[in-house]
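Read the figures in this text as sums done on the coordinates, not as results from a lab. Since this is a predicted model, take the numbers as computed values, not measurements. Please note: Cβ atoms are built from the backbone with ideal geometry, for glycine as well, and neighbour counts cover all protein chains shown.
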Amino acid sequence: MTKIEDNCIRLEFKSLPENVALARVVIASLVSQVDTTLNDLEEIKVAVSEAVSNAIVHGYQNNTTETVIVEGEIKQGILKVSIEDTGIGIENIEEAMTPAFSTSPDRMGLGFVFMKSFMDEVEVFSEPGKGTKVVLTKKLINSGSCALAAN
Ligand SMILES: Nc1ncnc2c1ncn2[C@@H]1O[C@H](COP(=O)(O)OP(=O)(O)OP(=O)(O)O)[C@@H](O)[C@H]1O
Ligand SMILES: [Mg+2]
């Protein structure tokens with residue numbers, strides 16, 4: 001059985017579109033250290049990609065010289081990932097999280113829908129003109145103690 005250690009990482013990178021993949025791979029590597037399903041891993045990768053992409057596309061309006069901070073933590077089998085930008089912020093968080101809502105006419109408005117369906121919890125902290133922090137939480141299925149041992 002995989003031994004579960006609490007772990008945490010902090011990533012700081014330029015707001016380049018290429019770094020969406022970088023962030024998702026780093027978080028996937030962190031999650032891979034514990035016993036979790038491939039399905040969970042894929043879902044976490046999608047959710048992280050959506051949030052990082054939002055930071056770059058919306059928060060920084062595709063300005064590639066800004067900084068995105070991603071922190072990942074696994075504590076007692078619970079994964080928490082925060083994605084933070086210091087960009088334009090969100091005026092109305094509830095509206096932004098409504099399925100199919102987008103401030104960009106060429107986008108589907110589905111990023112938050114994916115984040116909510118793939119993670120247990122999605123928290124958004126934002127202030128117009130100051131930036132946005134999205135915190136994604138998910139219990140990693142097989143990361144508790146062995147099922148047999150519990151009986
Ligand atoms: N980090 C952010 N900074 C500023 N605005 C944001 C940020 N993240 C999301 N938003 C706002 O929330 C809206 C909804 O985001 P969501 O990811 O659901 O859809 P989208 O990015 O518009 O489209 P899609 O993700 O399908 O390409 C965005 O259109 C944008 O207005
Ligand atoms: Mg999006």
Proximal lysines to LYS45, defined as alpha-carbon separation beneath 25 angstrom and excluding residues fewer than eight positions away on the same chain: LYS3, LYS14, LYS75, LYS80, LYS116, LYS133, LYS138, LYS139
Computed for the stretch 7-143: size of charge dipole around the Cα centre, +1 on C-beta of each Lys and Arg, -1 on C-beta of each Asp and Glu, debye to nearest 20, value 240
Where a Cα-Cα gap under 15 Å defines reach, which aspartates and glutamates qualify for LYS130, not counting those fewer than 8 residues away within the same chain? GLU66, GLU84, ASP85, GLU91
If you rank MET97, MET119 by fewest surrounding Cβ atoms within 10 Å, what's the result? MET97, MET119
With unit charges on the beta carbon (Lys/Arg positive, Asp/Glu negative), name the residue among LEU30, PRO105, SER126 whose Cα is farthest towards the positive pole of the charge dipole of the chain. LEU30
Within 10 Å of each residue's Cβ, count the other Cβ atoms and sort LYS116, LYS138 from fewest upward. LYS116, LYS138
Order these by the 10 Å Cβ neighbour count, fewest first: ARG24, ARG10, ARG107. ARG10, ARG107, ARG24
For the chain, what is the calculated [θ] at 222 nm in deg cm²/dmol (nearest 500), taking -39500 (n - 2.57) for each run of four or more DSSP H residues and dividing by its residue count? -9000 deg cm²/dmol
Principal-axis tilt of helix 18-32 within the chain, Cα atoms, nearest 10 degrees: 20
